[in-house]
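*Asks:* Let me begin by handing over the structure; questions about it come next.
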Amino acid sequence: MLVETMGPSARLLATALAVPIFDAESMERSRARMISGIAEDETDPMALARKAWYSAAYPKHPYGRYPTSESVESLTRDDLVAALPRLVNRANATVAVVGAVTPEQAGKLVDTILGGVAEGSRVERVWSEMANDPGITVIDLPVPQSAAIFGHGSIQRTDPDFIPAFVMNYTLGGGSFNSRLTEEVREKRGLAYSVYSYMSLSGESAAYLGAVQTANESMSESIEIIQNEWKRMAGEGVSEKELEKAKKFLTGAFALRFDSNAKIANYLVFMKEENLGIDYLDRRNDLIEAVTTDDIKRAASRVLKPESLAITVVGQPEAIESTR
């Protein structure tokens, strides 16, 4: 919001939070947009692979449930009104204010925005372990390129090996052209345009995931290479050169997370929600710089589990059959 219209903007937002209208026209517009997105996903191999992977990983958790056209169509205004107090309340709120405001002004702004919002109760996080069995699931879809999601459970942010694992992932699959997966799958063999890995922390679970999309005839070889690189990293860790390259990028690029007020606010909320401490911005790069190759070898052996990789492929991949 603009500084000169901060007061009126805050009051409008307060009204929207405290007494949302949920008028029929807006609901139908949102409903149509969601149904359109769901229909689009039904022809997208990567979207289908992701849904199938998460549904298998979290069969009894909301992470494994996705909206359908029927479920969206059945929602009523009464459903939204009933859900509002549980989700939108002061106990659930984390607010970051960034801009040309003093602490006093920020306090008044927050008081205004949350003025009509009930105190409520915080929605508690309930940790859920993944239930995916290792192996490959193939879902048939007549497309020229297959998409695959692969992964297994991971560690929480509070684990002492989280930072070493985070740095390690840059070399395995998180560093784009500096990653082993890109080097082996794309650069050396030209099998795929994009292949990557990442650590996923969703509040109530943790997973180590990756994805690749390639021609049907190339998927089998791509998966074999990914499995081998998973195993190699778990057994060997990284070289000093790879570690220095990872540190240089991860610390140098950190400033790009704060090149707008919105990004700063989002990161402050993230820090609060994850209980990282008010000094995390000062400590974060030091934590990364302190990582050694021994730290990464230890973390890699703990976190990476080649034998537990659960792989979901959507398309018509050659020489691949479901094993689970």
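*Asks:* In segment 291-314, how many residues are assigned to a helix (DSSP H, G or I) and not polar (S, T, N, Q)?
*Replies:* So the count comes out to 11.
*Asks:* Can you tell me which residues in segment 58-101 are hydrophobic (A, V, I, L, M, F, W, C) and either open to solvent by 80 Å² or more (accessible area, probe 1.4 Å) or outside any helix (DSSP H, G or I) (or both)?
*Replies:* Answer for segment 58-101, where residues must be hydrophobic (A, V, I, L, M, F, W, C) and either open to solvent by 80 Å² or more (accessible area, probe 1.4 Å) or outside any helix (DSSP H, G or I) (or both): L75, L87, V88, A93, V95, A96, V97, V98, A100, V101.
*Asks:* Another question, then. Hand me the list of helices (runs of 4 or more DSSP H) wholly inside segment 1-57 holding 1 or more residues that are basic (K, R) and within 26 Å of S74 (Cα to Cα).
*Replies:* 24-41, 45-57
*Asks:* Here is a follow-up. In segment 42-57, how many are in contact with a helix residue (DSSP H, G or I) (Cβ under 8 Å, 6 or more places away or on another chain) and open to solvent by less than 60 Å² (accessible area, probe 1.4 Å)?
*Replies:* Summing the residues that are in contact with a helix residue (DSSP H, G or I) (Cβ under 8 Å, 6 or more places away or on another chain) and open to solvent by less than 60 Å² (accessible area, probe 1.4 Å) in segment 42-57 gives 7.
*Asks:* Give me the residue from segment 250-297 that is farther than 27 Å from V110 by Cα and among the basic types (K, R) and, out of that set, least open to solvent (accessible area, probe 1.4 Å).
*Replies:* R284
*Asks:* Something else about it: Run down A49, A39 and say which single residue is modelled with pLDDT of 95 or more and within 16 Å of L209 (Cβ to Cβ).
*Replies:* The conditions single out A49.
*Asks:* Let me ask you something else. Is there a residue in segment 29-41 that is closer than 21 Å to I311 by Cβ and surrounded by 13 or more Cβ atoms within 10 Å (Cβ to Cβ)?
*Replies:* Yes.
*Asks:* Checking the conditions here, which among S154, S128 is of a type in the set (S, T, Y), modelled with pLDDT of 95 or more, open to solvent by less than 50 Å² (accessible area, probe 1.4 Å) and closer than 21 Å to E204 by Cβ?
*Replies:* S154
*Asks:* Do we have any residue at all in segment 175-191 that's part of a loop (DSSP other than H, G, I, E, B), open to solvent by less than 20 Å² (accessible area, probe 1.4 Å) and out of contact with any Ser or Thr (no Cβ under 7 Å at 6 or more places or on another chain)?
*Replies:* Among the residues of segment 175-191, at least one is part of a loop (DSSP other than H, G, I, E, B), open to solvent by less than 20 Å² (accessible area, probe 1.4 Å) and out of contact with any Ser or Thr (no Cβ under 7 Å at 6 or more places or on another chain), which makes the answer yes.
*Asks:* Which of the residues that make up segment 1-34 are in contact (Cβ under 8 Å) with a residue 40 or more places away in the chain, more than 25 Å from L109 (Cα to Cα) and small (G, A, S)?
*Replies:* A24
*Asks:* Another question, then. Restricting attention to segment 215-222, does a residue exist that is under 21 Å from the mean Cα position of the chain (by Cα) and crowded, with 21+ Cβ neighbours inside 10 Å?
*Replies:* no
The values are calculated or read from the model by the stated rules, or taken from the named source; none is laboratory data. None of the values given here were measured: they were computed from a predicted structure. Cβ atoms come from the backbone with ideal geometry, glycine included; neighbour counts cover every protein chain shown. These area figures cover heavy atoms from the full protein model, side chains too; ligands, DNA and RNA do not enter into them. Shrake-Rupley method; radii C 1.70, N 1.55, O 1.52, S 1.80 Å.
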